[in-house]
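Reviewing the structure listed below.
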Amino acid sequence: MNRWWLGLLIVCTVTARPAGQSSTAVDWTAVEAETLRHFQALVRMDTSDPPGGEKPAADYVKNVLEREGIPVEIFALEAHRPNVVARLKGSGRKRPLLILGHTDVVNVDPKKWTHPAFSADRDGGYIYGRGTVDDKDNLTAALMVMLLLKRGNVPLDRDVIFLAEAGEEGATKIGIEYVINEHFGAIDAEYCYAEGGNVTRERGAVRFASVQTVEKIPNGIDLIARGPAGHGSVPLMTNAIAHLSKAVAAVTDWQPPIELNDTTAAYFSRLAEISPPEQARHYRAVLTGDAKTVAAADAWLRENEPRHASMLRTSVSPNMIQGGYRQNVIPSEAKVTLDVRMLPDENPERFLAQIKKVINDQSVEAVFNGWPPTTTGKPRNGPESSIKSEAFKVIEAAVTKHYQTTTLPTMSTGASDMAFLRAKGLQCYGVGPATDVEDGPKGFGAHSDQERILETELYRFVRFHWDIVLNLAGRSQ
Ligand SMILES: [Zn+2]
């Protein structure tokens, strides 16, 4: 039997069901009220990271799950920063599905918040607070899905595993890395869904849905120029700052080669279909493979849509500079730090060699600086998750059903915890609720000083999340 019909064939109420019966029918009005309750409770907890104090949120989630009869495991490297894992058993016909959200949030500057950052105030159709779109939305949606599966006694082809992780915003060693290194058996799965995608609304209308299937690898390179120190009144050709400046200019003038993967090729081709002709022309040009056409499109993207230009290549951005300590002393050393976002299949050593060749100056050293730190000392790097998988098709169908729009498989230029899971063999997909594209520039986006979510979109996201889990993990016959 097709899974899509499962919900129609098994109909009874979610509550007060005789033992053994199951149902996927849901009273959405009641679910919305309960979603709001859990969401507000979680947003009201200050789980700022650093310093990180996710325990109240972890305890809350644990209690909600246990009250429902869902067994919970706690994994904590630091007692005040626990990770919560819960599992609903399936028949084992298919390998498990992992759904996750993080309990920590980035810091706030309380002075800048009209609605206090941990108020979860409702105003004008929005809910305000740190974490409303990063990531207590995903956390709450995944929690609600677990409750509904359990209450409906829904037969499953695969285990559904829930993870509320700590430390996503900068302490992966106590969060995802710890759970993977020490308790991987508890979260090992075929697929996972987490933050990292979203549905973009423009002028109040849905424009497209982004589903993250891969991400660039964050990395850092230090350029260090060295030369003899001296008196500033006697300029030297070996001046470290002068050499470093030329090196930085050479690196930023250079454009690393363009390379597409399955995700970015599908992204630009689908985006072209839903974009005005002027933009669509450039997206299609990127796909032609013709060097001159691609270069012209790339030049346009670099100027007008820098995020899209970054999706085409390993990118380099000089973001910190140090050198010299007084005006009349020629410094013996100067340093620039490059933020490097590598394509997933980039070879780091080869890339570093290319950088050295571009700089072409023996007095300037180029070295990896170990950023961002990981427990292994190696950069996080997970392969692309397939856009042909069952999990991706299920998401696409749910996008069509709930948002009536195009799904764009997306490579994030930024990093998420999914890279660690992908590296362990899970196929992971980033999803998220609908947000207004106008909200970011107005200062209402993730990590901003007035983070907010449209209440109706939180509820639609729960329904969307429920459908994808039901259709991927629910019994197919
Ligand atoms: Zn997040």
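The values are calculated or read from the model by the stated rules, or taken from the named source; none is laboratory data. Treat the numbers as computed from the prediction; the structure is a model and nothing was measured. For neighbour counting, all protein chains shown are included, and Cβ atoms are generated from backbone atoms with ideal geometry for every residue, glycine included. Only protein heavy atoms, including side chains, enter the accessible area calculation; ligands, DNA and RNA are left aside. Shrake-Rupley method; radii C 1.70, N 1.55, O 1.52, S 1.80 Å.
What's the center-to-center distance, using Cα atoms, between segment 337-386 and segment 403-477 in Å? Their Cα centres are 29 Å away from one another. Partner lysines whose Cα lies under 24 Å from the Cα of Lys335, excluding those fewer than 8 positions away in the same chain, are identified as Lys246, Lys356, Lys357, Lys378. The residue among Gln450, Ser412, Thr375 whose Cα reaches farthest toward the positive pole of the charge dipole of the chain, with charges on the beta-carbon of Lys, Arg, Asp and Glu, is Ser412. Using C-alpha pairs below 8 Å separated by at least 6 residues, the relative contact order for the chain is 23 percent. Secondary-structure-derived ellipticity at 222 nm for the chain, considering helices only, amounts to -11000 deg cm²/dmol, per-run term -39500 (n - 2.57) for DSSP H runs with n ≥ 4. Please say if segment 169-237 is rounded, prolate or oblate, where rounded means a/c under 1.5 for a ≥ b ≥ c the square roots of the C-alpha gyration tensor eigenvalues, and otherwise the choice is prolate for a/b larger than b/c and oblate otherwise? Oblate. With coordinates expressed along the principal axes, the C-alpha atoms belonging to segment 398-471 extend over 38, 29, 19 Å, beginning with the largest.
Summary of packing: across the peptides 21-30, 376-385, the per-residue average of other C-beta atoms within 10 Å ranks them, highest first, as 376-385, 21-30.
Taking a ≥ b ≥ c as the square roots of the Cα gyration tensor eigenvalues, segment 280-409 comes out prolate, since a/c reaches at least 1.5 and a/b is larger than b/c.
Roughly what angle does helix 240-253 make with the longest principal axis of the chain, taking Cα atoms, 0 to 90 degrees, to the nearest 10? It works out to around 50 degrees.
For the chain, the per residue solvent-accessible surface stands at 43 Å², with DNA, RNA and ligands left out and a 1.4 Å probe. Centre-to-centre, using Cα atoms only, segment 165-185 and segment 53-72 are separated by 18 Å. A Cβ-based charge dipole, computed about the Cα centre of the chain with Lys and Arg at +1 and Asp and Glu at -1, lands at about 680 debye. Within straight-line reach of Lys112, meaning a Cα separation under 30 Å, sit the following lysines at least 8 residues removed in sequence or on another chain: Lys55, Lys136, Lys442.
Mind checking the angle between helix 455-473 and the chain's longest principal axis? C-alpha axes, 0 to 90 degrees, to the nearest 10. Around 80 degrees separate the two axes. Can you give me the angle between helix 277-286 and the longest principal axis of the chain, using Cα atoms only, in degrees from 0 to 90, rounded to the nearest 10? Value to nearest ten degrees: 70.
For the chain, what does the alpha-carbon gyration tensor say about shape, rounded, prolate or oblate, given a ≥ b ≥ c as the root eigenvalues, a/c under 1.5 as rounded, and a/b over b/c as prolate? Prolate, because a/c is 1.5 or more and a/b exceeds b/c.
Considering only Cα-Cα distances, which of the following residue pairs are longer than 23 Å: Lys173/Lys216; Lys111/Lys216; Lys173/Lys393; Lys216/Lys292? Flagged as over cut-off: Lys111/Lys216; Lys173/Lys393; Lys216/Lys292. Beta bridges per DSSP, both residues in the chain: antiparallel share near 65 percent. Loop-resident trypsin sites (Lys or Arg not before Pro) (DSSP state other than H, G, I, E or B) in segment 286-345 with no more than 13 further Cβ atoms inside 10 Å of their Cβ: Arg326.
Sequence gap at least 6, Cα distance under 8 Å: using those rules, report the relative contact order of segment 148-268 to the nearest whole percent. For segment 148-268, the relative contact order is 11 percent.
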